[in-house]
Amino acid sequence: MRQVIACIDGSQSTPAVCDYAAWSSQRLNAPLTFLHVLDHQQYPVKTDLSGSIGLGSREHLLEELAELDAQRGKLALEQGRLMLEAAKQRAIADGVAKPNLRQRHGDLLESLRELQGDTRLLVIGKQGATSDSVSQLMGRHLENVIRTIQRPILITPINFKAPQSLMLAFDNSATSHKGIQRWACSPSFRGLPIHLVMCATDARDTRAQLQSAGDVLTAAGFTVHSAIVAGDVEPALHAYQAEHRIDLLVMGAYGHSRIRQFLLGSTTTSMLRTTRTPLLLLR
C-alpha cells in the first residue's frame, strides 16, 4: 500500500512536517512513514585522511581524526533515531495509529528515488537543517527533489495550521486537467471548499475552460468558487489567497524544460520562495 513519506532532519520545520504528515495520512487514509537520511557527505562511513597535507608520518593523529569522525557519525545516527521516535510519538498524539520509521545513511535524493514506488505523497519542509536562516528561503535539496520525484509533494512552512480551505491554481495545462480529475475521484479533501483560480485575461474562452474544470469538481460533490485574476501569476495568486484567507495552495510543478526555466524563470520556483502557507505540487 502506498504511503505518506515525511522527511525530517531536526530543522525548525520538523514539527510542522510531522503535523502536516499526520494530517495528510488521516485525510488520505494511508500509512505514514517518517524518513531520516544521514547525509553521507557530512557523515561518511569511513574517512580517508591519507592525503592530509602536513601530517607526514604522524599516523596517530590520522587515527585520532578518523576515530573522531566515527564517533561523530555514531552520535548523528543516535540523534536521528531519537528524532524519529519523537516524530512517531507526535504523530500518535495527532491520531495516527502506527507510524513507521526509516533511517538511512546516504543521499536524500537517491533514498527518495528508491522509495518512490511506495510513495503516495511526499511531505518535506520548505527549509532544511542547513537553511534555517531567514535569508535562505528554500532548503538546498528541495528544488532537486521536486524536479526528480514524480509524486505529489507537500511543502510545509515552519508552523502547522490544519487547512480549512484550498486554492487550486488552474492554467488549462495537461497537469492541471489531470489534477482536476484526480481531485474529483479522491475523497481525501472532501469537506474543504475549493477556490479554482486562473491567472489569465478574462475572455469567453478562459471562462469556458474554468467553468468546465469547475463543473467536474462540483459534480464530484465539492463546493467550488471559481475566479479569474489578472496580472503576473505569483503576486496575483498570493493576493487572492491572502484576500480569501486560503490555507493550502495546490498547483502543478515545472511545466517547462530546464533551459526555458533558466531563460524565463519558473512559476513553481517563484511560488516556492514566496509562499507562507503549505504548497501541494501535483505531478
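All of the numbers you see were taken from the coordinates with simple rules; none came from a lab. Owing to the predicted nature of the structure, the values given are computational and were not obtained by experimental measurement. Glycine also receives a Cβ, built like all others from the backbone with ideal geometry; neighbour counts cover every protein chain displayed.
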Search result, residues across segment 8-20 that are within 19 Å of Ile146 (Cβ to Cβ) and surrounded by fewer than 24 Cβ atoms within 10 Å (Cβ to Cβ): Asp9, Ser11, Ala16
Hey, Ala242 touching a residue at least 12 places away in the same chain (Cβ under 8 Å) and either surrounded by fewer than 18 Cβ atoms within 10 Å (Cβ to Cβ) or within 21 Å of Thr268 (Cβ to Cβ) (or both) or not: no
Tally, over segment 144-156, of residues that are in a loop (DSSP other than H, G, I, E, B) and buried (at least 18 other Cβ atoms within 10 Å of the Cβ): 3
Ala220 vs. criteria free of Cβ contacts under 8 Å to residues at least 40 places away in the same chain and surrounded by 12 or more Cβ atoms within 10 Å (Cβ to Cβ): yes
Candidate set from segment 1-37 (those that are under 19 Å from Trp183 (Cα atoms) and in a loop (DSSP other than H, G, I, E, B)); member that is farthest from the chain's Cα centre (by Cα): Asn29
Close pairs from segment 21-40: first crowded, with 24+ Cβ neighbours inside 10 Å, partner basic (Lys, Arg) and not in a strand (DSSP E or B), Cβ under 7 Å, at least 6 apart: Phe34/Lys88
Restricting segment 153-197 to residues that are within 22 Å of Leu210 (Cβ to Cβ) and among the basic types (Lys, Arg), the residue that is farthest from the chain's Cα centre (by Cα): Arg190
